[in-house]
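The values are calculated or read from the model by the stated rules, or taken from the named source; none is laboratory data. Remember, it's a predicted structure, so these values are computed and weren't measured experimentally. Cβ atoms come from the backbone with ideal geometry, glycine included; neighbour counts cover every protein chain shown.
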Ligand SMILES: Nc1ncnc2c1ncn2[C@@H]1O[C@H](COP(=O)(O)OP(=O)(O)OP(=O)(O)O)[C@@H](O)[C@H]1O
Ligand SMILES: [Mg+2]
């Protein structure tokens, strides 16, 4: 049965260093949660704490309401797949998958039935007698997943399981993991650095920074309504462009915000009255190139990235970093040319001095 997993003010340090700084998270049965965040922010540590491989300093981890802090990994009914999956080289695919059941003394008939089922789900039946050295990376990865799911764990924990596969295999395995989840409906906590994996697999994404949860929500909600500048900048490639600006007054058409680099003032409807430093955030797909004198921003095209389906121009317009603009794939924008960039203030995000998203004024 799928489990509900609850983290209540969970904290963890190594020596003097506080790594997990009070995480609260309620994961519903069958939910697919993806943990993202910069390297070293504590994703693997958190996953290992759920598995029981790391102790909890303070706070509580509960499975279906019952505290599991003191339960050993084997008593938690979790399956883990790591980035570096070590298969037993001297065993066949079938023996690798069956091993945990053998250890658990599951009788031969049932073992055979469960292994057959898993090999079938993972499309490994034809390879059952092969050894790991005879398999491709993606096939090995599937065996590692098979080893974990054959035990029917209530909770699956994946730590960057696809990061050492090539692009084509990653895409294939991503679809397989998604299909598997629809079929098995286990609770999943999945760590990845891959934006596409996070956006496509997750029911909800958890963004961690330095051991603290920045935002939890469905992928598109986080993309469209980031709670702060960190989340806004973390999700989306190329990154959201950030422009230093100043709130200079409130008029009939909203808050007037002046872009520092260009001096252009834009009205932000629905914003309350305020003064002082703010940051405007704008995504590449919400920007348009124009003549320099017509832009809300003007500058030199530093670099052009042509990805086939999309082309991005990176414009040095005096912001924190060059602003990425998505242009039509067929549009020729030479690097070094001077361009203007326009955008609709309604598509912009506004952040206060501390990086918190300014909420729409709801008076
Ligand atoms: N056993 C340990 N002893 C001491 N410090 C540790 C230990 N395990 C992890 N850390 C530290 O805790 C921090 C978080 O590590 P963790 O492996 O959880 O990061 P991560 O978010 O998974 O990063 P990455 O994306 O690079 O895998 C790091 O600064 C790391 O050095
Ligand atoms: Mg890690």
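Remarks
Okay, residues lined up against (1) over 18 Å from the mean Cα position of the chain (by Cα); (2) more than 14 Å from ligand 1 (Cβ to nearest atom):
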site	(1), (2)
33	no, yes
47	no, no
79	yes, yes
91	yes, yes
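Residue by residue, here is whether (1) crowded, with 16+ Cβ neighbours inside 10 Å; (2) within 16 Å of ligand 2 (Cβ to nearest atom); (3) in a loop (DSSP other than H, G, I, E, B); (4) assigned by TED's automatic domain parsing to the domain that holds residue 80 holds:
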site: 10; (1), (2), (3), (4): yes, no, no, yes
site: 13; (1), (2), (3), (4): no, no, no, yes
site: 20; (1), (2), (3), (4): yes, yes, no, yes
site: 23; (1), (2), (3), (4): yes, yes, no, yes
site: 30; (1), (2), (3), (4): yes, no, yes, yes
site: 35; (1), (2), (3), (4): yes, yes, no, yes
site: 40; (1), (2), (3), (4): no, yes, yes, yes
site: 46; (1), (2), (3), (4): yes, yes, no, yes
site: 50; (1), (2), (3), (4): yes, yes, no, yes
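- Within region 246-352, strands (runs of 3 or more DSSP E) holding 2 or more residues that are free of Cβ contacts under 8 Å to residues at least 60 places away in the same chain and over 22 Å from residue 229 (Cβ atoms): 287-290, 297-306, 311-316, 338-343
- Test: residue in region 106-113 that is surrounded by 14 or more Cβ atoms within 10 Å (Cβ to Cβ) and in contact with a strand residue (DSSP E or B) (Cβ under 9 Å, 6 or more places away or on another chain): no
- Hey, residue 98 assigned to a helix (DSSP H, G or I), away from ligand 2 (no atom under 16 Å from the Cβ), touching a helix residue (DSSP H, G or I) at 6+ places or on another chain (Cβ under 9 Å) and assigned by TED's automatic domain parsing to the domain that holds residue 191 or not: yes
- Among residues of region 28-53 that are farther than 16 Å from residue 218 by Cα, those with a beta-carbon under 9 Å from a residue that is part of a helix (DSSP H, G or I) and away from ligand 1 (no atom under 12 Å from the Cβ) at least six positions away or on a different chain give the pairs 38/234; 51/73; 52/73; 52/74; 52/75; 53/73.
- The residue that is modelled with the lowest pLDDT, among those in region 166-191 that are surrounded by fewer than 19 Cβ atoms within 10 Å (Cβ to Cβ) and either within 16 Å of ligand 1 (Cβ to nearest atom) or outside any helix (DSSP H, G or I) (or both), is 166.
- A single member of 105, 128, 111, 140 is more than 16 Å from ligand 2 (Cβ to nearest atom), in contact with a helix residue (DSSP H, G or I) (Cβ under 7 Å, 6 or more places away or on another chain), farther than 24 Å from residue 30 by Cα and without any contact (Cβ under 8 Å) to a residue 24 or more places away in the chain, and it is 111.
- Scanning region 60-93 for residues being over 26 Å from residue 4 (Cα atoms), modelled with pLDDT of 90 or more and in a loop (DSSP other than H, G, I, E, B) gives a total of 6.
- Among the residues of region 185-199, those identified as in contact with a helix residue (DSSP H, G or I) (Cβ under 7 Å, 6 or more places away or on another chain) and more than 29 Å from residue 14 (Cα to Cα) are 197, 199.
- Residues of region 200-234 classified as in a helix (DSSP H, G or I), in contact with a helix residue (DSSP H, G or I) (Cβ under 9 Å, 6 or more places away or on another chain) and surrounded by fewer than 18 Cβ atoms within 10 Å (Cβ to Cβ), total: 2
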